[in-house]
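Asks: Quick one: structure below, then a few questions.
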Amino acid sequence: MSASRKPPVLHRLPDGSFLSRLGAVEVRILECEITIATSAGRTTGVYRPATTLLPGNDEAELAVDDLARVIESHRIRILRTEYDQIAAAAEQLGALDSLTEVRIDRFIRD
């Protein structure tokens with residue numbers, strides 16, 4: 001979801017994500033800020049992967065998988081501390097396998 005789109009917050013969840021509605025579909029949105037550093041400088045953007053609600057832990061895994069795929073598709077370089085924070089959140093959500101499957105650790109820069 002683009003950073004300019006600001007969906008309504010229907011309910012904030014303990015992990016920092018929130019429930020919202022896109023049209024007639026209820027979704028869960030994970031909001032994260034990612035800084036990209038290149039030889040031209042640094043830029044920071046807000047990313048909001050949205051997933052439809054599924055039973056059990058599937059929605060958390062999909063949100064983490066979406067974030068990992070954004071990092072992979074844009075080849076976003078992340079700091080070790082940022083990776084550790086993402087991995088800790090994924091572990092809390094029971095979705096660590098989504099990170100290992102995409103292997104975002106290859107985008108870590110020290």
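Asks: For the structure I just gave you, tell me whether Asp84 is out of contact with any Phe, Trp or Tyr (no Cβ under 9 Å at 6 or more places or on another chain) and either among the hydroxyl-bearing types (Ser, Thr, Tyr) or free of Cβ contacts under 8 Å to residues at least 40 places away in the same chain (or both).
Replies: Numbers: out of contact with any Phe, Trp or Tyr (no Cβ under 9 Å at 6 or more places or on another chain): yes; either among the hydroxyl-bearing types (Ser, Thr, Tyr) or free of Cβ contacts under 8 Å to residues at least 40 places away in the same chain (or both): yes.
Taking the combined requirement at face value, the residue satisfies it.
Asks: What pairs come up if the first residue lies in region 27-44 and is of a type outside the set (A, V, I, L, M), the second is surrounded by fewer than 10 Cβ atoms within 10 Å (Cβ to Cβ) and at pLDDT 85 or above, and their beta carbons are under 8 Å apart, counting only those six or more places apart or on different chains?
Replies: What qualifies is Glu33/Thr44; Thr35/Arg42; Thr35/Thr44.
Asks: Can you pull out the residues in region 101-110 that are at pLDDT 85 or above and at negative phi?
Replies: Hits for region 101-110 are Glu101, Val102, Ile104, Asp105, Arg106, Phe107, Ile108, Arg109.
Asks: Which of the strands (runs of 3 or more DSSP E) found entirely inside region 3-97 contain at least 1 residues meeting this: open to solvent by 80 Å² or more (accessible area, probe 1.4 Å), over 22 Å from Asp110 (Cα atoms) and modelled with pLDDT under 90?
Replies: Qualifying strands (runs of 3 or more DSSP E): 18-22.
The values are calculated or read from the model by the stated rules, or taken from the named source; none is laboratory data. Predicted model only: the values in this text are computed from it and were never measured. Glycine also receives a Cβ, built like all others from the backbone with ideal geometry; neighbour counts cover every protein chain displayed. When the accessible area is computed, the model is the full protein with side chains, heavy atoms only, and any ligands, DNA or RNA have been set aside. Shrake-Rupley method; radii C 1.70, N 1.55, O 1.52, S 1.80 Å.
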